[in-house]
Amino acid sequence: MKLCTIARGAVRWLPVAAIVAASATASASTINQNTSWTIDRSGTTTKYRVVAYGDSIFAGYRGSIFNVARRAAPWVDGEYASQTWNADIEVVRRTKSGAKADDIYNNKIVKERSYMQSSNARIVAFEMCGNDFLQARSSFAGQSGTCNYSVIDSALSACTTYQELAMQAINQYATAARVKLVSNIYYPGYNSDNALSGCNDPQTGQKINKRDKFLPYLAKSNWRACNFAQQYGFACVDSFAQYMGADYDSNGDGQVDSDALRWQSGETEAAYVQRITVTLKSTLRDSNTHFVNASTSYDYLQSDDTHPTYYGSSTIGINLFTGSGSGSGAPNFSGSQISGGKNPEWNKSGHERMGWGLSTYTPATP
């Protein structure tokens, strides 16, 4: 099933590429897409806040600088919290599409810390790093002659540094938060990257499979995100496992694929990378065909092969001069439609799945 299709573009690596119409390259494009939306639940005036920092993923990017998807992952998380707490929820997204990890850390998490310092802020989440890898991947794709892997090494190093700094800052500023979360990154373009490089490996002199080269870097980044999360008291939402693994046991090992791929506490980075890139590699699937059972799949990526699909057609308008948008409205799903902590659409699109993943850590009381 295809959702929210937009003309396919050339960007096919990690999440968070903002494709701004006026830009010539993804690496040069950043744009603020900040929104505040209050989920107004009938019968209550108590209001809590969900704050989300990140790039085009949390922004709800949908191919436009003028509007974003309303039901992006943080909004979905807020709707679940509204039901759990019987309260109004203000979902604040402080995001910059196209931003690298250092930009998100410095200009969103630190510079715009006041949003999470609010006394009613209960959930604070962030995601980053996709554009670091995207730009490294674009640079690598243009190489000829002998491959230079330093661009990918640098992306991993920057991601590692700013993931940890982000958690330290959120711990410092978000003193009223009941739960703090990080979402790791999935691999859009998984199928299209199954191709040879234009350059030759410096050791073998041969061209290399791009996916085989990139996947271990992504695995290291995701292991570090979850390991830092455990170290700093965050919950780690394993979006890689939930996007890349089917929701049934496809290889007969007795485990549902999306569960088997999850980060495991106590596992070393080397062991995790081995498990993802070798042991369970055969169970990885491109997120355009996320199988919820052996015969049914849903498309978790928009037609740019990068950004998550979303439920419905509602958007939040963005003022071109301020980069902001706001509004309010009732929840899309009533309490009676949420069963076992899941709405009827929970696994049918990328943002719904990520938002549900965030919501599984919401405490019973605010």
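Restricting the search to the stretch 183-210, which residues are aliphatic (A, V, I, L, M), touching a residue at least 40 places away in the same chain (Cβ under 8 Å) and farther than 16 Å from Leu156 by Cβ? Listed by number, the list holds a single entry, Ile208.
In a residue-by-residue description of the stretch 311-330, the property of being modelled with pLDDT of 95 or more, of a type outside the set (S, T, N, Q) and more than 20 Å from Gln33 (Cα to Cα) applies to at least one position. State whether one or more residues within the stretch 294-301 are within 27 Å of Arg94 (Cα to Cα), of a type in the set (D, E, K, R), touching a residue at least 24 places away in the same chain (Cβ under 8 Å) and out of contact with any helix residue (DSSP H, G or I) (no Cβ under 6 Å at 6 or more places or on another chain). No: the stretch 294-301 contains no residue that is within 27 Å of Arg94 (Cα to Cα), of a type in the set (D, E, K, R), touching a residue at least 24 places away in the same chain (Cβ under 8 Å) and out of contact with any helix residue (DSSP H, G or I) (no Cβ under 6 Å at 6 or more places or on another chain). Return the pairs, sorted by first residue and then second, in which the second residue is assigned to a helix (DSSP H, G or I) and modelled with pLDDT under 95, the first residue lies in the stretch 211-231 and is on the phi < 0 side of the Ramachandran plot and of a type in the set (A, V, I, L, M), the beta carbons are less than 9 Å apart, and the residues are 6+ apart or on different chains. Listed pairs, sorted by first residue: Leu218/Phe133. When you look at Pro344, is it over 30 Å from Asp253 (Cα atoms), assigned to a loop (DSSP other than H, G, I, E, B) and in contact with a Phe, Trp or Tyr (Cβ under 8 Å, 6 or more places away or on another chain), yes or no? Criteria not met by Pro344.
Within the stretch 141-150, is there a residue that is surrounded by 17 or more Cβ atoms within 10 Å (Cβ to Cβ), in contact (Cβ under 8 Å) with a residue 40 or more places away in the chain and touching a strand residue (DSSP E or B) at 6+ places or on another chain (Cβ under 9 Å)? Yes, that holds for at least one residue. Identify, please: which residue in the stretch 291-308 is under 15 Å from the mean Cα position of the chain (by Cα) and farther than 22 Å from Asp259 by Cβ and is, among those, surrounded by the fewest Cβ atoms within 10 Å (Cβ to Cβ)? Looking at the filtered set, the residue picked out is Asp305. Only residues that are more than 21 Å from Arg353 (Cα to Cα), touching a strand residue (DSSP E or B) at 6+ places or on another chain (Cβ under 9 Å) and not polar (S, T, N, Q) were counted across the stretch 204-258, and they come to 9.
Number of residues in the stretch 255-290 that are more than 21 Å from Lys210 (Cα to Cα), exposed (fewer than 13 other Cβ atoms within 10 Å of the Cβ) and β-branched (Val, Ile, Thr) equals 1. Of the residues making up the stretch 182-203, those that are over 15 Å from Ala225 (Cα atoms), hydrophobic (A, V, I, L, M, F, W, C) and out of contact with any Ser or Thr (no Cβ under 9 Å at 6 or more places or on another chain) are Ala195, Leu196.
Residues in the stretch 161-181 that are β-branched (Val, Ile, Thr) and surrounded by fewer than 24 Cβ atoms within 10 Å (Cβ to Cβ) were compared, and the one that is farthest from Arg224 (Cα to Cα) is Thr175. Note on the stretch 37-69: residues that are surrounded by fewer than 24 Cβ atoms within 10 Å (Cβ to Cβ) and not in a strand (DSSP E or B) total 12.
Can you say whether Gly252 is over 17 Å from the mean Cα position of the chain (by Cα), surrounded by fewer than 13 Cβ atoms within 10 Å (Cβ to Cβ) and free of Cβ contacts under 8 Å to residues at least 40 places away in the same chain, as far as the supplied structure shows? Before you say what the answer is, go through the steps one by one.
Numbers: over 17 Å from the mean Cα position of the chain (by Cα): yes; surrounded by fewer than 13 Cβ atoms within 10 Å (Cβ to Cβ): yes; free of Cβ contacts under 8 Å to residues at least 40 places away in the same chain: yes.
Judged against the criteria, Gly252 is a match.
Which residues, counting only those in the stretch 93-116, are within 23 Å of Gly327 (Cβ to Cβ) and either surrounded by fewer than 24 Cβ atoms within 10 Å (Cβ to Cβ) or among the polar types (S, T, N, Q) (or both)? If you could, list the steps in order and put the result at the bottom.
Here is the first cut: in the stretch 93-116, the residues within 23 Å of Gly327 (Cβ to Cβ) are 93-97, 108, 112, 114-116.
Matches in the stretch 93-116: Thr95, Ser97, Glu112, Ser114, Tyr115.
Taking the stretch 309-366 on its own, how many of its residues are surrounded by 12 or more Cβ atoms within 10 Å (Cβ to Cβ) and hydroxyl-bearing (Ser, Thr, Tyr)? Of the residues in that region, 13 qualify.
The values are calculated or read from the model by the stated rules, or taken from the named source; none is laboratory data. Keep in mind it's a predicted model, so treat the numbers as computed, not measured. Using ideal geometry, Cβ is built from the backbone for each residue, glycine included, and neighbour counts are taken over all protein chains shown.
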